[in-house]
Amino acid sequence: MNINSIDLNLFLVFQAIYATRSVTLAGDRLGMTQSAVSNALKRMRERFNDALFVRSADGMVPTPVAERLIAPIEEGIACLVQAVDQGRTFEPETSSRIFRIAVNDIGQLVMVPELLSVARGIAPGVRFETVDVSVAEARQRMLHGQIDVALGSWEAMGPSFYQQRLFDETFVVLMSKASPLGTRERIELDDYLAAEHIAYRPQGTTDSQLQQTLERAGALDRRRVVLTAAHSLGLTSIVATSGLLLTAPARLAKAMVASRADLHSVDAPFEVRPFEIRQQWHERFHQDSGNRWLRELIFGLFHERSSREPAPQARAT
């Protein structure tokens, strides 16, 4: 196949359909009509002699050929974007760039509102897209230029990635004020173990941090878990009405207490070693002016000095 015979804009359409699994959403992302996207997909199908995407109950599912194409296409697009950006300076006041941030729903509830509020005042045309993925998928998508920054308690992603500590997090216990423990300012380990619990297990490594903490306290296999939740949506109502205890990151618990007057949080009745919340990015975007603007904004908003940290810095891993 002669590359000169292909409209390179078709690859942008391909990437958008792959990411959204929808012709309509791909059009929204690219500022194209649904019919224009459908026509572009038809042309790509003819070029590659393959359906590329098949309609299903879960949206447009990529064929094996499309799965083989996506990595080199995304890498090529990312390289082109980086080359264009190196020739100009990111202007937040006038930019309409989309930044994609890997963050679980804890970060979306705790960090994204403040980030969005401040960014909108500085860069009114900039748009954000959050992505909740596993660490393996986040790493892969950052390698291919699909994600700008990852926020969370993930371990270092490895060679060619930078990481920067933002703050230390810990765990507290959240409960309903109407529960038997709801009026106490502290709880004992025996009371904690005698109660029934919600196990909150979002994407990322927060749950593994809690598992390690409970194991050190000898409480890992002694909790009576009634509900295991993958998302924070609805947890405030469940805690407020069920009498169950929720052991959660302190900032998430604080946001939940602020949203409902019938919730109460106390320190965990066991030693909790603080764990780091970091931002990480791939070296291909280290000098990118837009990515650097985003990282500096996030650092300025959320960085808290630690006695273990001699000076604010980013480091390659």
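The values are calculated or read from the model by the stated rules, or taken from the named source; none is laboratory data. Quick caveat: nothing in here was measured; it's all calculated off a predicted structure. Here Cβ is always computed from backbone atoms with ideal geometry, including for glycine, and neighbour counts include all displayed protein chains. Side chains included, ligands, DNA and RNA excluded: accessible areas come from the protein's heavy atoms. Shrake-Rupley method; radii C 1.70, N 1.55, O 1.52, S 1.80 Å.
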Angle between the chain longest axis and helix 64-86 axis [Cα atoms, degrees, rounded to 10]: 90
Accessible-area ranking of 132, 58, largest first, probe 1.4 Å: 58, 132
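What do you reckon, how do 43, 223, 186 stack up by accessible area (1.4 Å probe), largest on top? Before the final figure, lay out the partial values.
On the way: 43 95, 223 25, 186 155 Å².
In descending accessible area the options line up as 186, 43, 223.
Only Lys, Arg, Asp and Glu count, each charged at its Cβ (+1, +1, -1, -1), so figure out the dipole size of the chain about its Cα centre, rounded to 20 debye.
On the way: 35 positive and 37 negative charges, 92 e Å.
Result for the chain is approximately 440 debye, rounded to the nearest 20.
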Rounded to a whole number, what is D in µm²/s for segment 1-64 from Stokes-Einstein with the Kirkwood radius over alpha-carbon pairs (4 °C, 1.567 mPa s)? 110
Of all DSSP beta bridges in the chain, what percent run antiparallel (nearest 5)? 65
By how many degrees, 0 to 90 and rounded to 10, does the Cα axis of helix 250-259 deviate from the longest principal axis of the chain? 90
Quick one: dipole size for segment 1-135, taken about the Cα centre, charges +1 on Lys/Arg Cβ and -1 on Asp/Glu Cβ, in debye to the nearest 20. 400
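Which FRET efficiency, nearest 0.05, do residue 186 and residue 114 yield, Cβ-Cβ r, R0 30 Å?
Efficiency computed from Cβ-Cβ geometry: 0.50.
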Expressed in square angstrom to the nearest 10, the accessible area of residue 168 with a 1.4 Å probe stands at 40
Taking the Cα-to-Cβ direction at residue 296 and at residue 170 and moving 7 Å from each Cα, how far apart do the two end points lie in nm? 3.3
Compactness ratio of the chain: Cα Rg over 2.2 N^0.38 Å, N = residue count? 1.16
Through the Karplus equation 6.51 cos²θ - 1.76 cosθ + 1.60, θ set to phi - 60°, convert the phi angles of segment 137-146 into ³J(HN,Hα) values in whole Hz; use x for Gly and Pro. 5, 4, 4, 5, 6, 6, 4, 9, x, 7
Which loop GluC sites (Glu not before Pro) in segment 225-288, with loop taken from DSSP, have no more than 14 other Cβ atoms within 10 angstrom of their Cβ? 271
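I'd like the FRET efficiency for residue 96 and residue 242, computed as 1/(1 + (r/R0)^6) with the beta carbon distance as r and R0 of 35 Å, rounded to 0.05.
0.20
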With each pseudo-label sitting 7 Å past Cα toward Cβ, what's the residue 127-residue 156 distance in nm, one decimal? 3.6
Per the charge dipole of the chain (beta-carbon charges, Lys/Arg positive, Asp/Glu negative, Cα centre), the residue among 119, 77, 52 reaching farthest to the positive end is 52
Electrostatic dipole magnitude of segment 110-192 [Cβ: Lys, Arg +1; Asp, Glu -1; Cα centre; debye, to 20]: 340
GNM top mover of 39, 104, 291 - the chain, alpha-carbon springs below 10 Å: 39
Want the number for residue 58 to residue 220: 0.36 nm per residue separation, take away the alpha-carbon distance, what's left? 54.6 nm
Rounded tilt (10° steps) of 34-48 against the dominant C-alpha axis of the chain: 70
Report the GluC sites (Glu not before Pro) located in segment 16-103 that are in a DSSP loop and have at most 11 other Cβ atoms inside 10 Å of their Cβ, or state none. 93
Assuming 0.36 nm per residue, please report the length gained on full extension of the stretch residue 80 to residue 42 beyond their Cα-Cα distance. 11.2 nm
